[in-house]
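What follows is a set of notes on a single structure, which appears directly below.
The values are calculated or read from the model by the stated rules, or taken from the named source; none is laboratory data. Being a predicted model, the structure only gives us computed values, none of them experimental. Glycine gets a Cβ as well: all are built from the backbone with ideal geometry, and neighbour counts include every protein chain shown.
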Amino acid sequence: MTVRISILGALVAIGLAAPAMAQAAPAANDYSKPEAWLCLPDREDDACDVNLTATAVTADGKGEELIPVVGTEPPPIDCFYVYPTVSTDPTPNSDMVIDEAERRVIAVQFAPFRPVCRPFAPMYRQVTLTALRQYMLGQDPKADRMLAYGDVKAAWDWYLKHENKGRGVVLIGHSQGAGVLTELVKREIDGKPVQKLIVGVMPIGSNVPVDEKGLFGSIPSCSAEGQTGCLVSYVSFRAEAPPPPTSRFGKVEGAGLHAACVNPAALGGGAAKPNAVFWNRPLSASPGPALSWAKGLEVTTPFVTAPDLLTIECVRAGDYSYLKVTTHADPADARTDAIPGDVVIMGKPDPNWGLHLIDMNIAMGDLVGIVWAQGEAWRKK
């Protein structure tokens, strides 16, 4: 049996086994070393220093280059980002060597936030794609989740001690990274003095438990632009392919709890057309040529937007709470009728994962806009 998983595959969807039996504790990472970070402010050869130019592809098949994100200099707040399952290392947990896989996911998911916040993105010894594939085959690679969590906590502690200096900070993560951040918030932030520094929490592509009031612990779900100290989280599925009963995305355990869903394009609720910003390459371990967005149009920019192509809306259906993504396909026009983003296993999209690979890109412009508004609100304080 062969399994093909994209570079942005997730661990949160598969019930990870307990950490391996006690062994000699790995040496702690030294986050005072620049090489332990993918992104740091004002650094040359930084993973966040990428070209953010996008092409807006309209329904008539034409494209216009633009810069989709414009921020304020200097940014008034910081962003602390934990990346998803991307490591191609052959071991159950990754090493601390920055590879192309980590750089690519920064470009896809985190670099667009650079204009609106100072970027901090630590390397961490995450559970790898190698381990993920073994889990999916029913094997136990004995990956150590607590090693991954401990690294992120150490990076967070170093950031607070040496870089924060009372600045507001937004926590951003996807998939495995979102799961680690969720745990960090529960253990180290919620209800503690450091919570006063939290401008926003964005664990995307992970099941974050909230009550009927939308509270994650004491953290409310965001409901208005410029609201600070609040949560934005969701998992995404195509409208025509909602979560099947076997999906572990979109549901949580616990009486009175459900998976958080906050629509970045409509914080007050309802359906809206998102400001999607897609990566103009296949999301795979070996990305190929640029994608085709319209007949006869060659897109050469790193990013692509497709105005009015999608509508997104948070829905509750049985045990599931998720972001429903509707594509407004029109075979008569020149623009693409489908967006990529499915996890493909044995040549077929796996419905259990939904649009996990593009959870953030579906509404990247809106997510960045939320952080910008939060930064402006923090500045005024």
Residues within region 124-147 that are crowded, with 23+ Cβ neighbours inside 10 Å and assigned to a helix (DSSP H, G or I), tallied | 3
What residue, among those in region 66-86 that are over 21 Å from residue 360 (Cα atoms) and out of contact with any Asp or Glu (no Cβ under 8 Å at 6 or more places or on another chain), is modelled with the highest pLDDT?
-> 75
Per the list (1) within 25 Å of residue 106 (Cα to Cα); (2) free of Cβ contacts under 8 Å to residues at least 40 places away in the same chain, residue check on residue 312 breaks on (2)
Considering region 208-247, residues that are of a type in the set (Asp, Glu) and closer than 28 Å to residue 352 by Cα, and then whichever is surrounded by the most Cβ atoms within 10 Å (Cβ to Cβ), we arrive at 211
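From the list 323, 367, pick out the single residue that is under 13 Å from residue 277 (Cα atoms) and touching a Pro at 6+ places or on another chain (Cβ under 9 Å).
367
Can you tell me which residue within region 161-186, out of those that are in contact (Cβ under 8 Å) with a residue 40 or more places away in the chain and in contact with a Ser or Thr (Cβ under 7 Å, 6 or more places away or on another chain), is surrounded by the fewest Cβ atoms within 10 Å (Cβ to Cβ)?
By that ranking, first place goes to 179.
Would you confirm whether any residue within region 82-91 is part of a loop (DSSP other than H, G, I, E, B), more than 28 Å from residue 36 (Cβ to Cβ), within 19 Å of the chain's Cα centre (by Cα) and in contact (Cβ under 8 Å) with a residue 40 or more places away in the chain? Step through it out loud before you land on a result.
Our first condition is that a residue be part of a loop (DSSP other than H, G, I, E, B); within region 82-91, this holds for 83-91.
From what's left, more than 28 Å from residue 36 (Cβ to Cβ): none.
Within region 82-91, not a single residue is part of a loop (DSSP other than H, G, I, E, B), more than 28 Å from residue 36 (Cβ to Cβ), within 19 Å of the chain's Cα centre (by Cα) and in contact (Cβ under 8 Å) with a residue 40 or more places away in the chain.
What residue, of 264, 203, is at pLDDT 95 or above, closer than 21 Å to residue 363 by Cα and not in a loop (DSSP other than H, G, I, E, B)?
203
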By residue number, the members of region 30-81 that are closer than 30 Å to residue 130 by Cβ and not in a loop (DSSP other than H, G, I, E, B) are 34, 35, 36, 37, 38, 39, 79, 80, 81
